[in-house]
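The structure appears right after this line, and notes come after that.
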Amino acid sequence: MPNKDAVYMHDTPAKGLFASDYRFLSHGCVRVEGVYDLAAWLLEGAPGSPTGNWDKEAILAKIGEGEREDVRLARPVPVIWVYMTGWASADGAVHFRDDIYGADAVGDAQGER
């Protein structure tokens, strides 16, 4: 997922962080719960699996080899990041959260956002 901001999706060794409501503990990266399930879904149909199918076990086996492995996806998968500080839930309740990245600011020293 190349991008100019070096923002990625990744797992974390601190699994307890997934239970926290406050999830802004990295520098813009997104921690993914169930990262091996996501990887297996992304790699469906991709070549190079040691078992012929990129399931969780094959992914873990490849990681266990300790060598970098670049795998081209069989199909492109668009990634869209949405940063919301306010939204309405299905029951009509309105929710607001702190804008920790300052994206809601209207105007700044460089002009309007």
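The values are calculated or read from the model by the stated rules, or taken from the named source; none is laboratory data. Predicted model, so just to flag it, every value in this text is computed and none were measured. Every residue, glycine among them, receives a Cβ derived from its backbone with ideal geometry; neighbour counts consider all protein chains shown.
For Gly52, only one of the following conditions fails: (1) under 20 Å from Tyr8 (Cα atoms); (2) at pLDDT below 90. What is its number?
Condition (1) is where Gly52 drops out.
Would you mind finding the one in Ser89, Ser26 that is among the hydroxyl-bearing types (Ser, Thr, Tyr) and modelled with pLDDT under 90?
None of the other options fit; the residue is Ser26.
So, Ile59, is that one touching a helix residue (DSSP H, G or I) at 6+ places or on another chain (Cβ under 7 Å) and either modelled with pLDDT under 90 or not acidic (Asp, Glu) (or both) or not?
Working: touching a helix residue (DSSP H, G or I) at 6+ places or on another chain (Cβ under 7 Å): yes; either modelled with pLDDT under 90 or not acidic (Asp, Glu) (or both): yes.
Yes, satisfied.
Conditions first: (1) at pLDDT below 90; (2) surrounded by 10 or more Cβ atoms within 10 Å (Cβ to Cβ); (3) closer than 23 Å to Lys4 by Cα; (4) within 14 Å of the chain's Cα centre (by Cα). Gly34 passes all but one, so which condition is the exception?
If we test Gly34 against (1) at pLDDT below 90; (2) surrounded by 10 or more Cβ atoms within 10 Å (Cβ to Cβ); (3) closer than 23 Å to Lys4 by Cα; (4) within 14 Å of the chain's Cα centre (by Cα), just (3) comes out false.
Note down all Cβ pairs under 7 Å where the first residue falls in segment 28-47 and is in contact (Cβ under 8 Å) with a residue 40 or more places away in the chain, the second is surrounded by 12 or more Cβ atoms within 10 Å (Cβ to Cβ), and they're at least six residues apart or on different chains.
Qualifying pairs under 7 Å: Gly28/Val7; Val30/Met9.
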